[in-house]
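The values are calculated or read from the model by the stated rules, or taken from the named source; none is laboratory data. Just so you know, these numbers come straight off a predicted model, no measurement behind them. Cβ: placed from backbone, ideal geometry, glycine included. Neighbour counts: every protein chain shown. Remember, those area values only see protein heavy atoms, side chains included, never the ligands or the DNA or RNA. Shrake-Rupley method; radii C 1.70, N 1.55, O 1.52, S 1.80 Å.
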Amino acid sequence: MRIQEAAALGVLAGAGLTAACLKRSAWERSSLRVAEYTLHSNKLRGGERVFVFLSDLHDACFGADNAALIQKIEDLRPDAVLIGGDMMTVKKTAEIGLTLSLARRLAERWPLFYAEGNHESRLNRDRGRYGALYDELRAELSRYGVCFLRDESVHFGEDIEISGLFITENYYRRFHCDRMRGEYLSAHLGVASEGRYHILMAHSPQFFEAYAAWGADLTLAGHFHGGTIQLPGQIGLMTPQFQLFERRVTGLHRLGHSSMIVSPGLGTHSIRLRINNPPQIVAVHLKGAEKEWQRKFH
């Protein structure tokens, strides 16, 4: 009898813990946050520029027609908005209406640059299932004035270059994906800019070494959803590629002279769970190099 009672108590405790986690997750998934980063470079010759970076919305909506999301961006007064991919969820079905609505409203206010993630790429790759949705997405974004960067680069002002990298499916495989090298970026994007501050939008943060070797000054990535459940030390419990205890799931990372900011994203898809991992807008403040006397007072 005592064993049965202990087992029953264990089941109740487990059910209570599960319910608490689900309740916490539901609250977090609607709790939109802003993370701000300031980076300096001697390549930056103008005044301060602010870029807002969005990634992995996955058809989530914050307020009516994402009004709350747009208001938070408005409060940051950005010079441009960058989208890092996976704005929709492409699984058994796919819808692009919410993505297009948000893109249209953003492009009415700011220059908007869009690099695709693995879900946009899936629309293009599996046309037998999704028909012409990818073509429709590209056509409508172009009509709104959005700059879609698929293995393309553009100048922003006199001292910044922005690139969007297309990452092929073999780098998104679960458990064991291919290893990317700097030559992949050279083949897809050519040579990194030396005179301009080069911002690279590359959906997966897994290949930071390749991005840095290529010459990116700043890489903006997402894809890992903050590790779903974020453990102390910003360690992710599990990524969408089923990598456990991954460290590059959020925040600022550095490698030599190269930086990478990983967005934990805004939404979820297959595993609708976020714990210690609220949806996040990333704001990047870019400034010229600090003077020696400025560093002494930091």
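List of remarks:
- Computed per residue of the chain from DSSP H runs no shorter than four, each worth -39500 (n - 2.57), the mean residue ellipticity at 222 nm is -9500 deg cm²/dmol.
- Label-point separation in nm, Glu209 to Glu183, each point 7 Å along Cα→Cβ: 1.6
- Among Ala216, Ala64, Ala94, residue whose mean-square fluctuation peaks in a GNM of the chain (springs only between Cα atoms under 10 Å): Ala64
- Cα centroid of segment 106-167 to Cα centroid of segment 222-254, whole Å: 25
- When only the Cβ of Lys, Arg, Asp and Glu is charged (+1, +1, -1, -1), the dipole of segment 141-298 relative to its Cα centre reaches about 620 debye.
- Think of the chain as having a plus end and a minus end, set by charges on the Cβ of Lys, Arg, Asp and Glu; of Gly226, Gly182, Leu255, Gly226 sits farthest toward the positive end of this dipole.
- Note on exposure: His188, His155 ranked by accessible area (1.4 Å probe, complete protein assembly) read His155, His188, with the most exposed listed first.
- Per-bin percent of Cα-Cα distances, segment 153-298 [5 Å]: 2, 9, 18, 20, 18, 15, 10, 6, 2, 1, 0
- Taking one quarter of the surface of the C-alpha convex hull of segment 79-175 gives a mean projected area of 6.9 nm².
- Largest to smallest principal axis extent of the C-alpha atoms in the chain, angstrom: 77, 56, 40
- If you run the Gaussian network model on the chain, springs between alpha carbon atoms under 10 Å, then out of Met87, Met180, Met260 the most flexible one is Met180.
- Relative to the longest principal axis of the Cα atoms of the chain, the long axis of helix 133-144 makes an angle of roughly 50 degrees.
- Excluding ligands, DNA and RNA, the accessible surface per residue across segment 235-286 is 38 Å² with a 1.4 Å probe.
- Stretching His176 away from Arg254 to a fully extended chain increases their span by 25.7 nm, per 0.36 nm per residue minus the current alpha-carbon distance.
- Trp110 accessible area, 1.4 Å probe, all protein chains in place, Å² to nearest 10: 30
- GNM result for the chain, Cα springs below 10 Å: residue of Gly288, Gly227, Gly236 fluctuating most strongly: Gly288
- Potential lengthening between Asp75 and Arg109 on full extension [0.36 nm per residue; Cα-Cα distance subtracted]: 11.0 nm
- In this label model, Arg45 and Arg143 are separated by 4.0 nm, measuring between points 7 Å along each Cα→Cβ vector.
- Dipole check for the chain: with +1 at the C-beta of Lys and Arg, -1 at the C-beta of Asp and Glu, and the Cα centre as origin, the magnitude is about 760 Debye.
- Degrees, to the nearest 10: 67-76 long Cα axis against longest axis of the chain: 40
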